């Protein structure tokens with residue numbers, strides 16, 4: 001079963017990414033040449049202005065394929081963002097153990113200290129200079145390397161934003177130190193750890209202790225998830241943990257679902273447009289992802305406004321559409337809907353007719369908009385409210401225009 005899962009994920013990975021690029025660095029920190037593989041998103045070359053988060057995978061020879069498979073699946077449904085994958089080669093001789101070396105105090109030492117600096121001072125700068133990256137970095141590892149990656153949390157300003165620790169073999173005192181570091185960090189951090197029911201007893205005890213220590217923290221500036229998979233072994237837990245970890249880190253990235261619409265949006269008393277604004281503002285502030293608001297999400301907010309007869313919010317939605325799709329009929333449509341639902345039919349007709357100078361988007365063609373205008377002709381105004389002034393949309397950052405990609 002485990003083999004079948006990994007083969008399936010490997011197949012998906014081959015479909016979803018451009019060809020892997022072998023790379024190497026003559027490392028001064030390590031005193032040797034180190035090899036790694038860069039895998040770029042399928043659309044990397046065709047989107048020359050777009051930047052991507054980075055995922056650095058330790059034990060890259062066997063962990064890269066399952067990670068890429070899940071990323072491909074998530075990319076297909078627009079549930080996970082595209083990213084640049086850095087797979088570090090460590091599975092030859094005792095290299096992975098040498099890279100993860102620590103002393104009796106539980107701190108990196110010898111070749112482990114050198115490898116720690118290699119990643120931060122040589123590997124990441126090399127990748128970020130050569131490829132188009134966004135400032136959101138994830139690191140992942142398994143057992144020995146999963147324990148090692150936690151050392152980056154010991155720094156006051158960790159170089160990684162998210163940590164995926166799979167069945168970690170922890171250094172002395174690590175189950176206490178990680179929790180202590182998370183408690184005082186001001187930088188937002190995502191921390192995921194996993195084990196399995198059939199994992200090694202010592203590893204399970206350490207992860208359980210860390211879980212309790214993290215849960216004891218009061219005020220949190222980090223997001224945390226711990227999974228203990230029933231029936232999973234030290235190796236099979238990896239296939240279950242990877243999708244959990246990625247969907248945990250990128251929770252909120254997904255388009256508005258039917259469940260989200262029914263349970264979180266349509267039940268609001270007001271602020272439907274603000275919900276949409278906050279969704280994409282949080283993606284930028286928490287994940288560094290500048291994502292153009294999806295048209296399906298505009299449609300969901302439109303439906304919530306209609307269902308709750310909160311028609312004045314169409315004006316705010318129109319302003320938000322103007323920022324992101326200024327050349328299209330989207331903003332015009334929402335403003336026209338406001339006038340129509342408020343009984344100001346003359347203004348609605350004029351607004352719908354503006355579509356003649358705009359580009360069609362989704363079903364909002366020029367013919368559709370002009371037909372809407374024609375259907376209102378001859379109707380006498382029956383204004384239900386006076387003109388409502390809607391404040392400017394506050395997003396906290398410069399918005400990108402239609403057709404632009406970050």
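The values are calculated or read from the model by the stated rules, or taken from the named source; none is laboratory data. None of these values were measured; they are calculated from a predicted model. Backbone-built Cβ (ideal geometry, glycine too); neighbour counts: all protein chains shown.
Within segment 55-78, the set of residues being part of a loop (DSSP other than H, G, I, E, B) and touching a helix residue (DSSP H, G or I) at 6+ places or on another chain (Cβ under 7 Å) comprises 58, 59.
Name every residue in segment 319-330 that is under 26 Å from residue 259 (Cα atoms) and buried (at least 23 other Cβ atoms within 10 Å of the Cβ), in order of residue number. First the steps, then the outcome.
Within segment 319-330, the first condition is being under 26 Å from residue 259 (Cα atoms), and the residues that meet it are 320-321, 324, 330.
Within segment 319-330, 320, 321, 330 qualify.
Among the numbered conditions (1) out of contact with any helix residue (DSSP H, G or I) (no Cβ under 7 Å at 6 or more places or on another chain); (2) part of a loop (DSSP other than H, G, I, E, B), tell me where residue 113 comes up short. Only one criterion is unmet by residue 113, namely (2).
Taking the conditions exactly as written (out of contact with any helix residue (DSSP H, G or I) (no Cβ under 7 Å at 6 or more places or on another chain) and either closer than 21 Å to residue 131 by Cβ or not assigned by TED's automatic domain parsing to the domain that holds residue 142 (or both)), does residue 52 satisfy them or not?
Working: out of contact with any helix residue (DSSP H, G or I) (no Cβ under 7 Å at 6 or more places or on another chain): yes; either closer than 21 Å to residue 131 by Cβ or not assigned by TED's automatic domain parsing to the domain that holds residue 142 (or both): yes.
When the stated conditions are applied, residue 52 passes them.
Here is a list: 380, 346, 350. Which entry is in a loop (DSSP other than H, G, I, E, B) and surrounded by fewer than 16 Cβ atoms within 10 Å (Cβ to Cβ)? Lay out the reasoning, then the answer.
Numbers: 346 fails: in a loop (DSSP other than H, G, I, E, B); 350 fails: in a loop (DSSP other than H, G, I, E, B).
Selected residue: 380, the only one of 380, 346, 350 that is in a loop (DSSP other than H, G, I, E, B) and surrounded by fewer than 16 Cβ atoms within 10 Å (Cβ to Cβ).
Answer yes if at least one residue in segment 128-150 is buried (at least 19 other Cβ atoms within 10 Å of the Cβ), part of a loop (DSSP other than H, G, I, E, B) and touching a strand residue (DSSP E or B) at 6+ places or on another chain (Cβ under 7 Å), and no otherwise. No, the conditions are met nowhere in segment 128-150.
Limited to segment 259-282, what total is found for residues that are assigned to a helix (DSSP H, G or I) and either surrounded by 21 or more Cβ atoms within 10 Å (Cβ to Cβ) or touching a helix residue (DSSP H, G or I) at 6+ places or on another chain (Cβ under 9 Å) (or both)?
Filtering segment 259-282 for residues assigned to a helix (DSSP H, G or I) gives 259-265, 272-282.
Right, trim to either surrounded by 21 or more Cβ atoms within 10 Å (Cβ to Cβ) or touching a helix residue (DSSP H, G or I) at 6+ places or on another chain (Cβ under 9 Å) (or both) and you get 260-261, 264-265, 272-277, 279-280.
Final tally of qualifying residues: 12.
Just to be sure I understand, how many residues within segment 80-105 are touching a residue at least 24 places away in the same chain (Cβ under 8 Å) and surrounded by fewer than 17 Cβ atoms within 10 Å (Cβ to Cβ)? Total satisfying the criteria: 4. Within segment 87-103, is even one residue in a strand (DSSP E or B), within 16 Å of residue 63 (Cβ to Cβ), at pLDDT 95 or above and touching a strand residue (DSSP E or B) at 6+ places or on another chain (Cβ under 7 Å)? So far as segment 87-103 goes, yes, one or more of its residues are in a strand (DSSP E or B), within 16 Å of residue 63 (Cβ to Cβ), at pLDDT 95 or above and touching a strand residue (DSSP E or B) at 6+ places or on another chain (Cβ under 7 Å).
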